[in-house]
């Protein structure tokens, strides 16, 4: 029974193979004719038929569509909304000055994940700051293009209104939030410090920068998220923006390892290093009354 079944199955396979051999050539010819007709129709289509060709899967048909005189910005924007659009089509659109005259087209080309770098980079200078933010946080955009978008955002921050800077500080990627820690307005600093992407190293670096302001040091000092972080606490002591009273309050709250780092840092004033050394060498119950790594107080 099993042998008969195997023989029957082989016969069916042979019949199917013979049918494919006889039918494949005409089918291929019919497919070629159909695609050729689609190309011709794409060059002359109008109205709803033209919109249908925007979603065609064949690159050759889309290239023919580019020759259609009725193709307008609305059709091109629909075309650029396709994430699987071929790079060759994107480059062809971007090379047409008439099509690229409008802002929406520049934005659509710049943020498309398949746009080549040499095409997208020159367009960033035309993009508004919050559209740049959308490019910078888009996971589909290449890393180097994201960094260029971040640089463009940072170059525009000085001309932004206070509310825009606050929004950008709160929502921007880590590099933008860290850059806005140099802002002189307290509300912008607090928004940047609450940014979920901000890192401990970014805050510490901003505190140690030459242009760091006393307002930043004070904002970090009273921020619950950052005033307990190891590198941030050390940067606060080294920032030279804290009053003596704040330093005397902060140093006893440092851990043993933080005190050791502070004592060995020659950038810190000798009097502060000497005080930290006394705290480090003092008996445990005498100078470390507060809990380990306790938060700072107002």
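The values are calculated or read from the model by the stated rules, or taken from the named source; none is laboratory data. These numbers come from a predicted model, not from an experiment. Virtual Cβ from ideal backbone geometry, glycine too; neighbours counted across all protein chains shown.
On the given criteria, is residue 178 crowded, with 18+ Cβ neighbours inside 10 Å, out of contact with any strand residue (DSSP E or B) (no Cβ under 9 Å at 6 or more places or on another chain) and over 15 Å from residue 227 (Cα atoms)?
Details: crowded, with 18+ Cβ neighbours inside 10 Å: yes; out of contact with any strand residue (DSSP E or B) (no Cβ under 9 Å at 6 or more places or on another chain): yes; over 15 Å from residue 227 (Cα atoms): yes.
Yes.
Filter the stretch 210-229 for residues that are in contact with a helix residue (DSSP H, G or I) (Cβ under 9 Å, 6 or more places away or on another chain) and farther than 20 Å from residue 244 by Cα; which is surrounded by the most Cβ atoms within 10 Å (Cβ to Cβ)?
If we take residues in the stretch 210-229 being in contact with a helix residue (DSSP H, G or I) (Cβ under 9 Å, 6 or more places away or on another chain) and farther than 20 Å from residue 244 by Cα, then 226 is surrounded by the most Cβ atoms within 10 Å (Cβ to Cβ).
Using the structure shown, decide if residue 163 is loosely packed, with under 15 Cβ neighbours inside 10 Å and assigned to a helix (DSSP H, G or I).
Details: loosely packed, with under 15 Cβ neighbours inside 10 Å: yes; assigned to a helix (DSSP H, G or I): yes.
Here the answer is yes, as residue 163 does meet what is asked.
What helices (runs of 4 or more DSSP H) completely inside the stretch 190-278 contain at least 3 residues that are touching a residue at least 40 places away in the same chain (Cβ under 8 Å), touching a strand residue (DSSP E or B) at 6+ places or on another chain (Cβ under 7 Å) and at positive phi? Break it down into steps so the answer makes sense when it comes.
Values: elements: 200-208, 214-221, 230-238, 244-250, 256-264.
In the stretch 190-278, there are no helices (runs of 4 or more DSSP H) which contain 3 or more residues that are touching a residue at least 40 places away in the same chain (Cβ under 8 Å), touching a strand residue (DSSP E or B) at 6+ places or on another chain (Cβ under 7 Å) and at positive phi.
Would you say residue 159 is within 29 Å of residue 105 (Cβ to Cβ) and at pLDDT 95 or above? Walk me through it before giving the result.
On the way: within 29 Å of residue 105 (Cβ to Cβ): yes; at pLDDT 95 or above: no.
So residue 159 fails the test.
Check 139, 173, 116 and return the single one that is more than 30 Å from residue 217 (Cβ to Cβ) and under 14 Å from the mean Cα position of the chain (by Cα).
Checking each option against the conditions leaves just 139.
Checking residue 38 against (1) assigned to a helix (DSSP H, G or I); (2) crowded, with 17+ Cβ neighbours inside 10 Å; (3) modelled with pLDDT of 90 or more: exactly one of these is not met. Which one?
Tallying (1) assigned to a helix (DSSP H, G or I); (2) crowded, with 17+ Cβ neighbours inside 10 Å; (3) modelled with pLDDT of 90 or more, residue 38 fails exactly one: (3).
Tally up the residues in the stretch 111-142 that are in contact with a helix residue (DSSP H, G or I) (Cβ under 8 Å, 6 or more places away or on another chain) and assigned to a helix (DSSP H, G or I), please.
17
For the condition modelled with pLDDT under 95 and either on the phi > 0 side of the Ramachandran plot or part of a loop (DSSP other than H, G, I, E, B) (or both), what is the one hit in 56, 22? Step through it out loud before you land on a result.
Working: 22 fails: either on the phi > 0 side of the Ramachandran plot or part of a loop (DSSP other than H, G, I, E, B) (or both).
Exactly one of 56, 22 is modelled with pLDDT under 95 and either on the phi > 0 side of the Ramachandran plot or part of a loop (DSSP other than H, G, I, E, B) (or both), namely 56.
Looking only at the stretch 59-102, how many residues end up being surrounded by 15 or more Cβ atoms within 10 Å (Cβ to Cβ) and closer than 21 Å to residue 37 by Cα?
Matching residues across the stretch 59-102 total 11.
Restricting to the stretch 59-110, count the residues that are touching a residue at least 12 places away in the same chain (Cβ under 8 Å), closer than 27 Å to residue 133 by Cα and in a helix (DSSP H, G or I).
Residues that pass the stated criteria total 24.
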